[in-house]
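Undergrad: Attaching a single structure in structure tokens format; questions to follow.
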Amino acid sequence: MVPWAETDFDLLHQLNIPEMLDHLGGPETDEQVHKRHKRYIDLSAAGKGRMFSIVLMPEGVSVGNVGYWETSWQGETVYEMGWGVLPLFQGKGIAAWATAEAIKQAKAEQRLRSIHAFPSVDNPASNAICRKLHFQLVSECSFEYPPGTFMHCNDWRLPIMEQ
């Protein structure tokens, strides 16, 4: 896992395929991918979260992304977390490992009290990662993503800082 860089633009295009975004409203336009890449680059500099590319070693092959960013949820500023691994590399524990590493980074910052993940209720793999990493299922909810579209999601919460 390495911090997101300018060179990760191609990876973002590889992740922008129907089978990766089926639960997230489908692929984005080229313009949207460019904007997303810029947001990922700017995230760390702004101190509002971090994005990482998931790199398999020793080959140095980029296989996905994971990150967390500040958001407002039910009147509280929390981290929202998301991840994705290319289809060829799914089912190998890579997403769970990378997500656990990103959680360690967020905890080390000692800024916010919790991380939330909002996988679609119909996304068994992402919900399984939340269970495996000891997120607490808060409830099912309606979550706006992409903007203007509401998804039926699970709200998973993981405390990362003492109250």
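Undergrad: For segment 114-139, name all the residues that are under 10 Å from residue 155 (Cα atoms) and either exposed (fewer than 13 other Cβ atoms within 10 Å of the Cβ) or without any contact (Cβ under 8 Å) to a residue 24 or more places away in the chain (or both).
TA: Those that are under 10 Å from residue 155 (Cα atoms) and either exposed (fewer than 13 other Cβ atoms within 10 Å of the Cβ) or without any contact (Cβ under 8 Å) to a residue 24 or more places away in the chain (or both): 135, 136, 137, 138, 139.
Undergrad: If a residue counts only when it is surrounded by 15 or more Cβ atoms within 10 Å (Cβ to Cβ) and in contact with a strand residue (DSSP E or B) (Cβ under 9 Å, 6 or more places away or on another chain), which helices (runs of 4 or more DSSP H) contained entirely in segment 1-113 have at least 3 such residues?
TA: Working: elements: 9-15, 18-21, 30-46, 94-109.
Result: 9-15, 30-46, 94-109.
Undergrad: Answer with yes or no whether residue 121 is touching a Cys at 6+ places or on another chain (Cβ under 8 Å) and β-branched (Val, Ile, Thr).
TA: Working: touching a Cys at 6+ places or on another chain (Cβ under 8 Å): yes; β-branched (Val, Ile, Thr): yes.
When the stated conditions are applied, residue 121 passes them.
Undergrad: Separate question: Any residue that is under 25 Å from residue 11 (Cβ atoms), without any contact (Cβ under 8 Å) to a residue 40 or more places away in the chain and exposed (fewer than 13 other Cβ atoms within 10 Å of the Cβ) - is there at least one of those in segment 140-151?
TA: yes
Undergrad: To continue, here is another question. Kindly list, by first and then second residue, each pair from a residue in segment 86-102 that is more than 19 Å from residue 16 (Cα to Cα) to a residue that is part of a helix (DSSP H, G or I) and of a type in the set (Val, Ile, Thr), limited to pairs with Cβ atoms under 8 Å and residues at least 6 apart or on different chains.
TA: From segment 86-102, the pairs are 96/129; 99/129.
Undergrad: Within segment 141-162, how many residues are of a type in the set (Asp, Glu) and modelled with pLDDT of 95 or more? Before you say what the answer is, go through the steps one by one.
TA: Residues of segment 141-162 that are of a type in the set (Asp, Glu), as a first pass: 144, 155, 162.
Within this subset, residues satisfying the condition of being modelled with pLDDT of 95 or more are 155.
Here the count works out to 1.
The values are calculated or read from the model by the stated rules, or taken from the named source; none is laboratory data. Computed from a predicted model, the values in this text were never measured in an experiment. Neighbour counts run over all protein chains shown; Cβ positions are idealised from the backbone, glycine included.
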